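Working notes for the structure below.
The values are calculated or read from the model by the stated rules, or taken from the named source; none is laboratory data. In this text, all values refer to a predicted model and were calculated from it rather than measured experimentally. Note: ideal-geometry Cβ built from the backbone for every residue, glycine included; neighbour counts use all protein chains shown.
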Amino acid sequence: MTEVLQLIISGAIQGMIYALIAFGYNLTFSTSKTINFSLGQIVMLGGVTGYILYIDMQSGQLSGLPFIVPLIGVLIIGALAGAVVHKTAVEPSLKFKSEYTWILATLAVGIIIKNGVEQLWSTGDFRMLSPLGDNVLRFGGVGVYAQEILIVIVSLAIVCGVEMFKRRTIYGKAIQAVSEDKATASLMGIPEKFVITISFMMSASIAAIAGLLVAPLTFVSASMGTVLGIKAYSVSIIGGLESGFGPLVGGLILGISETLTARYISTGYKEMPGFIFLIIVILFKPNGLFGKKIIKKV
Amino acid sequence: MKRNVILISLLCLAMFGCNKKSDEIKIGVYGPFSGGSAPMGVSMRNGAKLAVAEINAAGGVLGGKKLALIDRDDEAKNERGGQIMQELLEKENVIAVLGPANTGVANASTQYTNQKKIPQIINIAAGAKVNEFFAEGVDNYIFRIAASDDIQSKVIVGQALKRGAKKPALLCDDTNYGQNGREKMEKVLAAAGVKPVYIGKFKIKDTDMTAQLQEAKAAGADVILAYGIGPELAAVSNSMDRISWKVPMIGSWTLSMSNYTTNAGKNGNGTMMPQTFIESVATSPKQQAFLKAYLDQYKESPISSAVSAAQGYDSVYLLKLAIEQAQSTEGPKLKAALEDLSTPYEGLTGTYTKPFSSTDHEAIKEENVLLGMVQDGKIISSDK
């Protein structure tokens, strides 16, 4: 029993990370109707920035700075990266009225970020220490890292916080309005472009924070974000790109199915059920499990 | 017209420049100098550079000719290995090649050295085809100074059984290297009449091995035999701690890499692996001198992959002995000399009297192999 519980908890935590990044995809999709495919690399940027500010690379020990420094650093880097992606990749593509240029443009920004980090920093794998210590806590035989509990708390807090912000505050309602109807929102005096830029900055900061959070569980490297980015993207699709809480459910489904498959079927197939499920969702509920039905008026 | 004259004179100058360089003997060296396998590649290159510097300082070879290393990063990518090898052979005209570290890279590139009849001494890749070429009937120019997977699996399985293990679980990465090792370990186990209770695999960059370990635990495994590279093997040890399961782990020599020892931390203690060189028991004057030179030059202690550094160093010296014996840098002559080295060589990884023959291109034999154990981030020697 503890074994199953351990697997479910491990999977759920992994799923929370996917969900957090997926939430980032959703945030920009709702305002700009584009998907920022460089988000996985921004996750990595967050992990690497956190590592540089928190760990002394030579000894692999703490550099002595309090955790608030990497935290703020990562938020700033994330917001900057989001603004840059929007200004350089998304805005020009949308100006050309091209439907798909932004796909290639955001992918390109992602590749540039990754290669840049490889060139300027390192191509190795490094271990990030958790600010809460790296010992395993035991709850009746189930081993959990303190960092993992932190991941769950922070992820839920971010998702709930942003949703509250969107639903309850005037600024949040501006974002909602832009996502409903750009033209009308603009006519109502909402600075549409500014709102979109802000949504990119928020989304990228969340992704960067996700990178900082997962870093102690994975290793920090220039390639740490690639797979996370892809999996989070499928979580977005499963949960629904227009949905706020959908990614949480999508993340849990993908994360738990991975660990259970790895244990009871084969580690070689661990990603299969999640992606099969993704295809089923696309076939039968193209807007995701919790997606709104979009009626396009022609 | 005037421009042509300038161009031609520049060309002559360039050719003259090349000619002048001809008293340099070029040796190609390739390996992963970036990525997860980088500790191996970089340490090997450092070791080889030290050897070349020593030889050049002592007057070079063949009456004063200097050795020059031409190094290329294969990024542990198979296809890069093939490209680099062609560049080294066709453009740089190297007389011999040293490296690489990754089995897949080696197998994607050794065909070119064989075709061009240029000797290649593999100084890390344990699973690469070497003696297998004899069976294929090709003129074999590939040599190795590294514990092959055959020898490693014998040592790993032998140690596990000697320590009373009855139910081994195999855990290997899904690369050529890991799967090759798994196959060989299974063979050795079968020969000893033992059947593994669980065979699992993992991918490069996987960080949570909980599922595999639980399956092994449920199957009643009493030892983990692992084959992979540093970061993922560290994840295996860390996940074992997570499910509070402690059985001995014995695995490929790569468990001595710094990216295993630092990433696994205290969870790595007690892990054992076959080694050809262990810093803490390197007491011969030659080994001591090497360690000191390495520290002076690269400011690194412990060396991030001491085995690779030592094998890199020794591979250069074996080649040097062959050049002197052949009194030539022609491929076939070098090959003949390597297969029949008349001077014994006291190296870092052992003393070699006729390390190669015309039917055996493996320098390291089972008795050369030491058993290393991780202890607080360092590799110590353990009883074999």
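So which residues in segment B:260-301 are at negative phi and small (G, A, S)?
Applying the first criterion (at negative phi) to segment B:260-301 yields B:260-264, B:266-269, B:271-298, B:300-301.
Passing the criteria: B:A264, B:G268, B:S280, B:A282, B:S284, B:A289, B:A293, B:S301.
Looking at (1) away from every other protein chain (no Cβ under 14 Å); (2) surrounded by fewer than 19 Cβ atoms within 10 Å (Cβ to Cβ); (3) at pLDDT below 95, which one does B:A165 not meet, given that it meets all the others?
Among (1) away from every other protein chain (no Cβ under 14 Å); (2) surrounded by fewer than 19 Cβ atoms within 10 Å (Cβ to Cβ); (3) at pLDDT below 95, B:A165 violates only (2).
If you check A:I175, A:I170, which single one turns out to be surrounded by 15 or more Cβ atoms within 10 Å (Cβ to Cβ), modelled with pLDDT of 85 or more and among the aliphatic types (A, V, I, L, M)? Explain how you work it out, then say what you get.
On the way: A:I170 fails: surrounded by 15 or more Cβ atoms within 10 Å (Cβ to Cβ).
The conditions single out A:I175.
For segment A:77-126, give me each residue that is in a loop (DSSP other than H, G, I, E, B), of a type outside the set (S, T, Y), within 14 Å of chain B (Cβ to nearest Cβ) and out of contact with any Gly (no Cβ under 7 Å at 6 or more places or on another chain). Working first, answer last.
Of all residues in segment A:77-126, those in a loop (DSSP other than H, G, I, E, B) come to A:96-100, A:121-125.
Retained after the next criterion (residues that are of a type outside the set (S, T, Y)): A:96-97, A:99, A:121, A:124-125.
Add one more test, that the residue is within 14 Å of chain B (Cβ to nearest Cβ), and what stays is A:121, A:124-125.
Passing the criteria: A:W121, A:G124.
Scan segment B:182-201 and give yes if some residue there is at pLDDT 90 or above, more than 14 Å from chain A (Cβ to nearest Cβ) and crowded, with 24+ Cβ neighbours inside 10 Å, otherwise no.
yes
Could you check how many residues of segment B:168-179 are more than 14 Å from chain A (Cβ to nearest Cβ) and closer than 29 Å to A:V220 by Cβ?
Total satisfying the criteria: 2.
Matching residues to (1) in contact with a Phe, Trp or Tyr (Cβ under 7 Å, 6 or more places away or on another chain); (2) surrounded by fewer than 24 Cβ atoms within 10 Å (Cβ to Cβ); (3) part of a helix (DSSP H, G or I):
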site: B:D208; (1), (2), (3): no, yes, no
site: B:L213; (1), (2), (3): yes, no, yes
site: B:G220; (1), (2), (3): no, yes, no
site: B:A226; (1), (2), (3): no, no, no
site: B:A234; (1), (2), (3): yes, no, yes
site: B:L255; (1), (2), (3): no, no, yes
site: B:N267; (1), (2), (3): no, yes, yes
site: B:M273; (1), (2), (3): yes, no, no
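Can you name every residue in segment A:83-130 that is at pLDDT 90 or above, surrounded by 19 or more Cβ atoms within 10 Å (Cβ to Cβ) and over 30 Å from B:E75 (Cα atoms)?
The one that is at pLDDT 90 or above, surrounded by 19 or more Cβ atoms within 10 Å (Cβ to Cβ) and over 30 Å from B:E75 (Cα atoms): A:H86.
Taking A:Q14, is it polar (S, T, N, Q), touching a residue at least 60 places away in the same chain (Cβ under 8 Å), surrounded by 24 or more Cβ atoms within 10 Å (Cβ to Cβ) and within 14 Å of chain B (Cβ to nearest Cβ)?
So A:Q14 passes the test.
Could you tell me whether B:A337 is crowded, with 19+ Cβ neighbours inside 10 Å, small (G, A, S) and more than 25 Å from B:S252 (Cβ to Cβ)? Outline the logic, then answer.
On the way: crowded, with 19+ Cβ neighbours inside 10 Å: yes; small (G, A, S): yes; more than 25 Å from B:S252 (Cβ to Cβ): yes.
Here the answer is yes, as B:A337 does meet what is asked.
I need a count of the residues in segment B:84-121 that are farther than 20 Å from B:A326 by Cα, crowded, with 24+ Cβ neighbours inside 10 Å and among the small types (G, A, S).
The qualifying residues number 4.
Would you be able to say whether some residue in segment B:208-218 is more than 11 Å from chain A (Cβ to nearest Cβ) and in contact (Cβ under 8 Å) with a residue 12 or more places away in the chain?
For segment B:208-218, residues more than 11 Å from chain A (Cβ to nearest Cβ) and in contact (Cβ under 8 Å) with a residue 12 or more places away in the chain: absent.
Those residues that are touching a Cys at 6+ places or on another chain (Cβ under 9 Å) and either modelled with pLDDT of 95 or more or away from every other protein chain (no Cβ under 14 Å) (or both), I need them from segment B:219-249; list them, please.
Narrowing segment B:219-249 to residues touching a Cys at 6+ places or on another chain (Cβ under 9 Å): B:225-228.
Answer for segment B:219-249, where residues must be touching a Cys at 6+ places or on another chain (Cβ under 9 Å) and either modelled with pLDDT of 95 or more or away from every other protein chain (no Cβ under 14 Å) (or both): B:L225, B:A226, B:Y227.
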